[in-house]
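The structure appears below as structure tokens.
Nothing in this text is a laboratory measurement; each read-out follows from the coordinates by a stated rule. Treat the numbers as computed from the prediction; the structure is a model and nothing was measured. Positions of Cβ are generated from backbone atoms using ideal geometry, with glycine treated the same way; all protein chains shown enter the neighbour counts.
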Amino acid sequence: MSPLDHIRIVLVNPIYGGNVGSACRAMMNMGLSRLVLVNPRPGMNMEDASQMACHAGSILNNRQIFDTTAEAVADCGLVAGTSNRGGLYRDHSKTPREWAPRLLAAALDTPVAILFGSEDNGLSLDDLALCTQFIRIPSSDAYKSLNVAMSVMVVASELFNAAGIFEPPQERSEECPSAMRETMFAKWRQALLDIGFMTDDTADHMMLGIRRILSRGPLTEKDVQILLGMASQTQWAANQLPKKP
């Protein structure tokens, strides 16, 4: 079981169903599944929540609801609260990236809660008093406050990345051998001569520049096959031009 399964996202006193639904979508994107709502505002539009959740409706439907934050985190060994405000106790806050390894490590042994405050007032002092860690999401001084669903996405993304679950696709084509590269460069040399891009006098100098450009990154066999095809088509087009008298 992944430690992400033991991390709950706790939205305290949320106002807008759209934000709750968007938070569900962010959670599913990043491998989180446990949503808790604390004292949601009366009249919160759950139809909006369902629409914004999109394919993350299962998270919304399986949400837990508590009257107080203390009840929502009573069984959690670690409680992290998000806040962008200053203050003595919050001056010890760290970014989501800094806290992610600690949160994941704790989640191996105990439930972990991450608190997000309401859209208008954030987390109260009583909520923050329950927190063992404080999270501050880096943002511009021009406008520090983030939408709650955006905040969930930022924190969830850092947790997902730190969990090491995502494996980027690997290049399946091996880097091409030298002989294949030389065949390609020879083909391009002739093609560029054929279209008049360079002359016999400048070809050696120009080809050094082209080699340097194409050697700044790996060239796979597929890459070189494409470049060979381009050179062949360039030569074909050059041969369609009227011959100079």
Calculated from backbone phi, Karplus (6.51, -1.76, 1.60) coupling profile of the range 117-125 in Hz, x at Gly/Pro:
x, 5, 5, 9, 10, x, 7, 7, 4
Computed lengthening from Ile195 to Lys94, 0.36 nm per intervening residue step minus Cα-Cα distance:
30.4 nm
Take each of the peptides 200-206, 55-61, 8-14, 231-237, average the number of other beta-carbon atoms within 10 Å over its residues, and list them starting from the highest.
8-14, 55-61, 231-237, 200-206
Taking the Cα-to-Cβ direction at Ala203 and at Thr183 and moving 7 Å from each Cα, how far apart do the two end points lie in nm?
2.0 nm
Please build a GNM for the chain, connecting alpha carbons under 10 Å apart, and tell me which residue among Cys76, Cys24, Cys176 fluctuates the most.
Cys176
To make sure I understand, if each residue's beta carbon is the centre and we count other beta carbons within 10 Å, what order do His92, His6 fall in, fewest to most?
His92, His6
If you take the beta carbon distance between Ser2 and Ser173 as r and set R0 to 41 Å, what does 1/(1 + (r/R0)^6) give as a FRET efficiency, to the nearest 0.05?
0.80
Total formal charge among the other residues, if their Cβ is under 12 angstrom from that of Ala72, Lys/Arg +1 and Asp/Glu -1:
-1
For Asp67, project a label point 7 Å along Cα to C-beta. Then give me every residue of the range 1-37 with its amide nitrogen under 19 Å of that point.
11-14, 36-37
Which order results if Asp141, Asp48 are arranged by neighbouring Cβ count within 10 Å, fewest first?
Asp141, Asp48
For Leu78, distant residues with modelled amide H under 5 Å away:
Ala113
Can you sort Tyr143, Tyr16 from fewest to most other Cβ atoms within 10 Å of each residue's own Cβ?
Tyr143, Tyr16
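Would you mind calculating the relative contact order of the chain from Cα pairs under 8 angstrom and at least 6 residues apart, reporting the percent as a whole number? Present the calculation step by step, with values, prior to reporting the outcome.
Details: 374 pairs, mean separation 50.2, N = 245.
Computed value for the chain: 20 percent relative contact order.
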Calculated FRET value between Cys54 and Lys222, using beta carbons and R₀ = 35 Å, to 0.05
0.45
May I ask which residue of Gln170, Leu227, Asn61 lies farthest towards the positive end of the charge dipole of the chain, with charges of +1 (Lys, Arg) and -1 (Asp, Glu) on Cβ and the Cα centre as origin?
Leu227
Phi-derived 3J(HN,Hα) across the range 60-65 with the Karplus relation (6.51, -1.76, 1.60, θ = phi - 60°), rounded Hz, x for Gly and Pro, is 5, 5, 9, 4, 9, 10
